[in-house]
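This report concerns only the one structure given below.
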Amino acid sequence: MLFAAEAAKPYLGVFADGKFAQFVLMLVFAFIVWFMVTRAKAGMKIPEIRKINGLEALDEAIGRATEMGRPVHFTPGLAGVGNPQTFAAFGLLGYVAKLCAKYDTRLIQTNADYVVLAINEEIIRQAYLESGRPDAFNADDVQFMSDQQFAYAANVMNMFQKDKPAANIMMGAFWAESLIFAETASFIGAIQIAGTAHTHQLPFFITACDYTLIGEEIYAASAYLSKEPVLYGSLVGQDWAKIFVFAMIIIGTLIANFQAKGNWLTSILKK
Amino acid sequence: MRKELPIIVTVLSGLVVIFSRYFHYGMQLGLMDTLDKWYLVSASFAILLGVVNMVKIHWGYIRRRKEGWWNSIVLLLCLFGYGALTVQQTVDGPQAAWIYNNLITPGDSTMFALIAFFISSAAYRAFRVRTKEATVLLITAVIVLLGKAPIGDALINGWGTLADWILKVPNTGGFRAIIIGAAIGAFATGFRILLGLERAHLGGTGTK
């Protein structure tokens, strides 16, 4: 009991055990992003960010579906709102829905989570409203299929065969169903844009889809597509934070190789 | 207030999570557990939204006699029949458990097994493409495939070691780089939401 009380002693009298370095790193990352956002807000020059082909291809994919008179399918994956990848999908869905409303193309949006369903319905409804086409919004095309992984996969496969979407957009957290979706859509000749931060599903998407957003790219989607300097600024901040982390990795590797005893960097990061 | 109120709730919840995760006293108060319970309760209400959505769509299919409408009848019968059965005898009841174990579980396994065939067709298509990347992919796949099977070491001694090196060094290194990038991306997204710059979840195109 005494041991447990000693173990729970706060660091510097305030921080939870082993959380001080994490908190400082969080502040550093927040500062970098905030600094770039502030610069962009002030109208100062911010560095360019690289082109993301998968996002540039969205217009082409929806345009192709419009020409063929076939629908567009969008899925945010299986995860609920507790997963940041689902939030990344929300940003993209708004853009896709707006384009579909503009071109008068049917958008089929399938869900495996009821909370996500409600949010997606609102996003699409709002996008149609912003495009001046509230009458074109069809609530029946925003569908809850099942919260069971393979029941959802079977339902989506059935929808692919029945409605034959010309574009399949998969953005969010995916598990084993990723290849089932990608291959079935490939069989019906759909152009596919996929993105996930789940590394074990990325090889499937890269192999089966036309464009794949890898890891961090999905989080950049809504800011990238908005073309707003302030949000662009946050993406530049994200890149700077990445440079900071890779610098730490290089320093840590050098210390691990050349310091005979201990590693001061890991000792600090454990605090 | 339609957009401001959710932003205020989001920012407050974010601050509570930061306080509970990093600060000793925040952890002791157990506010994160309370927030998790609130989420579970509110998410449980949303189940109704899912059921209403399904019933509305499939009832529409039946009414309009859309192609395959009889499938919708089966779906609605299963939805309400199984729901009633589990209310009557809980999910562990003899009939409810039997249906789950003998119909749903084999169905899931069948869908999962399909992935083996999809992997083959996807690999065939990827390897057929004549690009430098596809060639690298093909060579690596052959090395790892044979290295992981007994035939690899039987053909050339050390083949298995080469396959293991590919998996453990370049493959793991690449995966970790993606994970680090994704974690920073998730952080930046969270920070944008906290600052109220990203509002996709509140409807529309998602940006301020």
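Applying the selection to region A:246-271, what residues are in a helix (DSSP H, G or I) and in contact (Cβ under 8 Å) with a residue 60 or more places away in the chain?
A:Ile268, A:Leu269
Could you list, in sequence order, all residues of region A:226-245 that are in a helix (DSSP H, G or I) and within 8 Å of another protein chain (Cβ to nearest Cβ)?
Across region A:226-245, the qualifying residues are A:Ser226, A:Val230, A:Leu231, A:Ser234, A:Leu235, A:Gly237, A:Gln238, A:Ala241, A:Lys242, A:Val245.
Can B:Leu137 be described as modelled with pLDDT under 95 and touching a Phe, Trp or Tyr at 6+ places or on another chain (Cβ under 8 Å)?
Against the criterion (modelled with pLDDT under 95 and touching a Phe, Trp or Tyr at 6+ places or on another chain (Cβ under 8 Å)), B:Leu137 qualifies.
Can you find a residue that is within 30 Å of A:Phe20 (Cα to Cα), of a type in the set (S, T, N, Q) and more than 10 Å from chain A (Cβ to nearest Cβ) anywhere in region B:1-22?
Yes: one or more hits.
Assuming A:Gly82 fulfils every condition listed in (1) surrounded by fewer than 19 Cβ atoms within 10 Å (Cβ to Cβ); (2) in contact (Cβ under 8 Å) with a residue 60 or more places away in the chain; (3) closer than 26 Å to A:Ala176 by Cα apart from one, which condition is it?
(2)
In the list A:Arg50, A:Arg70, A:Arg64, which residue meets the criterion of being surrounded by fewer than 21 Cβ atoms within 10 Å (Cβ to Cβ), assigned to a helix (DSSP H, G or I) and not acidic (Asp, Glu)?
The unique qualifying residue is A:Arg64.
Could you list all residues from region A:71-89 that are aromatic (Phe, Trp, Tyr) and farther than 15 Å from A:Met145 by Cβ?
Correct list: A:Phe87 only.
Is it the case that B:Thr86 is assigned to a helix (DSSP H, G or I), among the polar types (S, T, N, Q) and away from every other protein chain (no Cβ under 13 Å)?
Yes; evaluated as a whole, the condition is true for this residue.
Quick one: is A:Arg64 over 21 Å from B:Arg199 (Cβ atoms), more than 10 Å from every other protein chain (Cβ to nearest Cβ) and at pLDDT below 95?
Here the answer is no, as A:Arg64 does not meet what is asked.
Being more than 10 Å from chain B (Cβ to nearest Cβ), of a type outside the set (A, V, I, L, M) and assigned to a loop (DSSP other than H, G, I, E, B) is the filter here, so list the residues in region A:19-47 that pass it.
A:Gly43, A:Lys45, A:Pro47
Out of B:Gly68, B:Gly81, B:Gly93, I need the residue that is out of contact with any Pro (no Cβ under 9 Å at 6 or more places or on another chain), within 11 Å of chain A (Cβ to nearest Cβ) and over 28 Å from B:His201 (Cβ atoms). Which one?
B:Gly68
Do you know which of the residues in region B:44-58 that are of a type outside the set (A, V, I, L, M, F, W, C) and surrounded by 15 or more Cβ atoms within 10 Å (Cβ to Cβ) is nearest to the chain's Cα centre (by Cα)?
B:Gly50
The values are calculated or read from the model by the stated rules, or taken from the named source; none is laboratory data. Keep in mind the model is a prediction, meaning the values are calculated, not measured. For neighbour counting, all protein chains shown are included, and Cβ atoms are generated from backbone atoms with ideal geometry for every residue, glycine included.
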